[in-house]
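Quick notes on the structure that follows.
The values are calculated or read from the model by the stated rules, or taken from the named source; none is laboratory data. Please read all numbers here as calculations on a predicted model, not as lab measurements. Here the Cβ positions follow ideal geometry from the backbone for every residue, glycine too, while neighbour counts run over all protein chains shown.
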Amino acid sequence: MKKVTILFALVIMVFSQACATTGTPPSKVKSAFAKKFPTAKKVKWDKENDTEWEAEFKMNGKEYSANFINDGTWKETEFEIKKSEIPTAVKTTLDKEFAGYKIEEVEVSETVNGKVYEFALEKGEEELEIAISPNGKVTKKKVKSQDDED
């Protein structure tokens, strides 16, 4: 009986933790989201941590994610784009500085600091995460390690 009680308690703890990561954001977050993305459809909310919420939604035929702080402050919006949608200046930088790398994924990330194009690149065993500004400047370059995948 003791084992059953302990097992039941563990199940309750795991379920409680899972429920804590989803749910309904504060009204300030929902209001800020509705104002910033009035045409969003199929909105799903997840709690990122104690102070931040993420909305995943569809808009203009694309899948988006947007993060907000509990007080309603917008932090970031991300959405995937097709390779054919990469701006010329960004494509030129990719061709010059990352020749031979295969584009695995490309996203647009927008914050209060502006917009960048984020790429997951691969060349043989090497994987890179990079960000390029709309004018073609590399703003981030990180070699992805095995630890990043865990």
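What the table below lists for this structure:
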read-out: Which listed residue, of F57, F98, F68, is buried (at least 18 other Cβ atoms within 10 Å of the Cβ) and in contact (Cβ under 8 Å) with a residue 40 or more places away in the chain; value: F68
read-out: Qualifying positions in segment 127-146 - assigned to a strand (DSSP E or B) and loosely packed, with under 11 Cβ neighbours inside 10 Å; value: V143
read-out: Residue check, T111 more than 30 Å from E125 (Cβ to Cβ), in the same structural domain as K123 (by TED's automatic domain parsing), of a type outside the set (K, R) and modelled with pLDDT of 95 or more; value: yes
read-out: Set K62, K47: member being surrounded by 11 or more Cβ atoms within 10 Å (Cβ to Cβ), at pLDDT below 95 and closer than 26 Å to A131 by Cα; value: K62
read-out: Residues located in segment 117-148, provided they are among the polar types (S, T, N, Q) and either free of Cβ contacts under 8 Å to residues at least 12 places away in the same chain or closer than 14 Å to G100 by Cα (or both); value: S145, Q146
